[in-house]
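Throughout, read-outs are computed from the coordinates displayed, never taken from laboratory work. Here the structure is a predicted model, which means the values were calculated and not measured. So basically every Cβ, Gly included, is an ideal-geometry build from the backbone, and we count neighbours across all protein chains shown.
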Amino acid sequence: MKVIVLKSTNNVGMVGDIVDVKPGFARNYLFPQNRAVHADSTNMKRFEHQKKMLEKQIEKAREESKSLQEKINGKEITIVRKSAVSKKLFGSVTSLDIQKALMEEYEHEINRKSIVLSEPIKQIGEYQIPLKLDGGLQASIKVIVEADSSEADQLAAQIQEANAAEDRQAKAAAKQSKENSEEGSDQTAQEPAVKAEEVTE
């Protein structure tokens, strides 16, 4: 089905584009949200009258997209998460988390659907995340996922205490073993003397 795009939509087109889409997608998504209309003769004529206005909107959208690209490309954001010793996160980092972090750190609002994340991030590390902006423009940001330092310190303290406890137990066991060994030696040394006294009597 041919439709006229009224609102720029990822993987569909820019405002004013005439594109082919699946009928179900048009009826269930594009039409209800006023993102497109059927490209029939009536709408085509109506579209011609609105074309100049749409062209201004298109130009404005492209300028805004270009400005956003220049501001955001190459930026870094840091997201802190709880994690295990293996660096695996307790949970994950999603495109929504990245969107919020961009807004908090740089006050740049970006459509969550523009963030190209094939699957949620589940490990501590650094990630290059591509962005698809309006007008076919692209950008890239670095997402640094760090472990919660307070939790990491607590975990390190627990591990250190556990190791210290093992050392104390090992030393105590070694001391007890040595004492038992010395007691056994003393008893062995005293036995012949006792027997000798018995014979003398």
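Mind checking the full-extension length gain between THR94 and ASP148? Use 0.36 nm per residue of separation minus the Cα-Cα distance, one decimal, nm.
On the way: separation 54, 0.36 × 54 = 19.44 nm, distance 1.72 nm.
Result for the pair: 17.7 nm of gain on full extension.
Shape verdict for the stretch 2-63, please, from the Cα gyration tensor: rounded (a/c under 1.5), prolate (a/b greater than b/c) or oblate. Oblate, because a/c is 1.5 or more while a/b does not exceed b/c.
Please work out the ratio of the alpha-carbon Rg of the stretch 76-151 to 2.2 N^0.38 Å and round it to two decimals. Walk me through the numbers on the way to the answer.
Numbers: Rg = 12.8 Å, N = 76, 2.2 N^0.38 = 11.4 Å.
Taking N as the residue count of the stretch 76-151, the ratio is 1.12.
Assuming charge only on the beta carbon of Lys and Arg (+1) and of Asp and Glu (-1), the dipole of the chain about its Cα centre is about 2800 debye to the nearest 20. Specify the angular offset, from 0 to 90 degrees and rounded to the nearest 10, of the alpha carbon long axis of helix 149-200 from the longest principal axis of the alpha carbons in the chain. With rounding to tens, the tilt is 10 degrees. For the chain, a Gaussian network of Cα nodes joined below 10 Å ranks THR78, THR42, THR94 by mean-square fluctuation, and the top entry is THR42. In this structure the amide hydrogen of SER8, modeled in the peptide plane, comes within under 5 Å of the amide hydrogens of VAL15, none closer than 5 places in sequence on its chain.
Scalar couplings 3J(HN,Hα) for the stretch 39-51, obtained by applying the Karplus form with A = 6.51, B = -1.76, C = 1.60 to θ = phi - 60°, are 7, 8, 4, 5, 5, 5, 5, 5, 5, 4, 5, 8, 4 Hz; x denotes Gly and Pro. Ranked for footprinting exposure by Cβ neighbours inside 10 Å, fewest first, ASP17, ASP134 give ASP17, ASP134. Close amide H contacts of ALA39 (hydrogens built in the peptide plane, cut-off under 5 Å, sequence separation of 5 or more or a different chain): LYS2, VAL3, ILE4.
Across every pair of non-identical alpha carbons in the chain, the mean reciprocal distance, once inverted, gives a Kirkwood radius of 23.3 Å. In the chain, helical runs assigned H by DSSP with n ≥ 4 each contribute -39500 (n - 2.57); averaged across all residues and rounded to the nearest 500, the mean residue ellipticity at 222 nm is -17500 deg cm²/dmol.
Spin-label pair GLN128-GLU104: with each label point 7 Å from Cα along the Cα-Cβ axis, the two points sit 2.6 nm from one another. Here the 3J(HN,Hα) profile of the stretch 129-134, calculated from phi with Karplus coefficients 6.51, -1.76 and 1.60 at θ = phi - 60°, is 10, x, 10, 9, 9, 4 Hz, Gly and Pro shown as x. Taking the DSSP bridge list for the chain and keeping only pairs wholly inside it, about 75 percent are antiparallel.
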